[in-house]
Amino acid sequence: MTASLPRASDAASANSTRTEAVRQTAARLFEVAGYSATTMNDIAEAVGVLPGSLYHHFRSKEDIAVELLLELNQALDECGVAASRRSDLAAADPEAAVRLLTTELTELSFRHAAAIRLRAHEAPPSVATARFAEAMQAQTPTLDRAWRSTVGALATVRPAPSVDLAIVRFALRRLAFHAPVYYPGAVPPRALGSHLCDIVLHGLAPGCPADEELDGSAALAAATDTIAGWRSPERPATQGDRAEIVAAARAEFARRGYEATTIRDIANAADVRMGTLYRRVESKEALLREIIDDHGAHFEQAFQAVMSAGSTPPETLDALARVFVHMSRRYHEEARIVLYGWAQREATTSPLHEYYVATQRRLARLERLMQRGFSTGQIRRIADPTELSLHFRSLLWLPFHEHARTSEARAHASLRWILLRGVLSAR
């Protein structure tokens, strides 16, 4: 009796299964360690095959990344098409339509978390091809129109007169799209999207104080005084000096991400020779530490001043909003670096580790503030204090200045409604 040969369809199925395993493994590594820090050898080791075997499935890790990005772009387009077909729901129940679109995009972003992180930066790695850059920067006009019409329908249910629905749309869409970046953790995506809408539409603080009372709080005075005491950022004096190199590094880290930026990228951006650069700075890691330490020190100073002012939870949250709005504008490049550059941040050798530890301390204090608000009835129990603190921090870190050149005053005023009172509040 002769043994039967494996059928061609069985071999093709096995190959397809292995290809999918390679892609999913690479996606997980891109998400956790970052694209630039992941090698084909890393992927092969994680899959459990020899490195040469990977090339039967993908020619390079860039091919994997481009495929992940193309899948994300298609999913975003499909999400927009589905939302655009719900015009009846938007007309009959605008709030339900906003909630549905927000939760759908939040779930989609977690399913494509690796691609979301790849799209987080303005520029691809310096070694990327034009195909990679094009996939990173693909537009989503169908989804754009769906967001405009869906959030715009809230106007029919009479939102607060001073609320700009364009800013509301900017906040909900950005947080839902970047959810894996803003919300590292185990909260189910649908719950995240739903709770985010609870906050934005109905606010954290029932019976929120009037503007006059918030403007006169000790917490806001502490925030304003602290910010006023900061000196203007140092500007480079001459070409090739240390300040210019630091400024170039800051810009490149923000554009490409820390891992994807090479020391030569920094030298080229500063227009200096490599020898000149190394006479001015020790390393790429030292540059990042210097940049983040200055940002972190100012942030910690303002945070401590506000939290120690003795104000009520709503007043404290409002004052922190003032701090974040200023920080995200003054340190807009640092904000992008710390938000999107968190790969391996828990490792003590990471240049971002000390900032990460300080962030965890601040989040713990926010959680205690939320808990105090629960006990006094000044903060609604929308979610547990840990998740609520993440929502609060995420909303505050939004770069409102990137939306139609929104001023600090306007961004702070918008956050009062979005965070404390809610867009649909009649107050």
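Since every read-out is calculated from the coordinates, none of them should be taken as a lab result. In this text the structure is predicted, and so the values were computed from the model without any measurement. All Cβ positions, even for glycine, are placed from backbone atoms using ideal geometry, and neighbour counts span all protein chains on display.
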By how many nm would the segment from residue 122 to residue 16 lengthen if fully extended, with 0.36 nm per residue of separation less the alpha-carbon distance? 34.9 nm
Given that compact globular proteins tend to follow 2.2 N^0.38 Å, what is the ratio of the alpha-carbon Rg of the stretch 244-313 to that value? 1.47
Looking at the calculated P(r) for the chain, what percent of the C-alpha pair distances fall above 37 Å? 30
As a Kirkwood estimate from alpha-carbon pairs, the stretch 17-173 has a hydrodynamic radius in angstrom of 17.4
Could you bin all the Cα-Cα distances of the stretch 370-427 into 5 Å bins starting at 0 and give me the percent of pairs in each, rounded to whole numbers? 4, 17, 22, 23, 19, 10, 4, 1
Can you pull the one-decimal nm distance between simple spin-label points at residue 82 and residue 368, each 7 Å off the Cα toward Cβ? 4.3
Mind giving me the FRET efficiency for residue 264 and residue 300? R0 is 35 Å, r the Cβ-Cβ distance, nearest 0.05 is fine. 0.60
For the chain, what does the helix formula give at 222 nm: sum of -39500 (n - 2.57) over DSSP H segments with n ≥ 4, over the residue count, nearest 500 deg cm²/dmol? -20500 deg cm²/dmol
Ranked highest first by the average count of other Cβ atoms within 10 Å around their residues, in what order do 48-57, 139-148 fall? 139-148, 48-57
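Given a cut-off of 19 Å, what percent of all Cα-Cα pairs of the stretch 183-276 lie beyond it?
Considering the stretch 183-276, 69 percent of its Cα-Cα pairs are separated by more than 19 Å.
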Packing-ranked peptide list from 151-157, 67-73, highest mean Cβ count within 10 angstrom first, is 67-73, 151-157
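Could you compute the net charge surrounding residue 122? Neighbours are other residues with a C-beta less than 12 Å from the C-beta of residue 122; K and R count +1, D and E count -1.
Charge balance in the 12 Å sphere: +1.
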Largest-first principal axis extents, alpha carbons of the stretch 42-112, Å: 57, 17, 12
If each of residue 402 and residue 165 carries a label point 7 Å out from its Cα toward its Cβ, how far apart are those two points in nm? 2.4
Any chance you could run the full-extension gain for residue 243 through residue 67? It's 0.36 nm times the residue separation minus the Cα-Cα distance, nm to one decimal. 59.4 nm
Taking 0.36 nm per residue of separation and subtracting the Cα-Cα distance, what length does fully extending residue 285 through residue 137 add? 50.5 nm
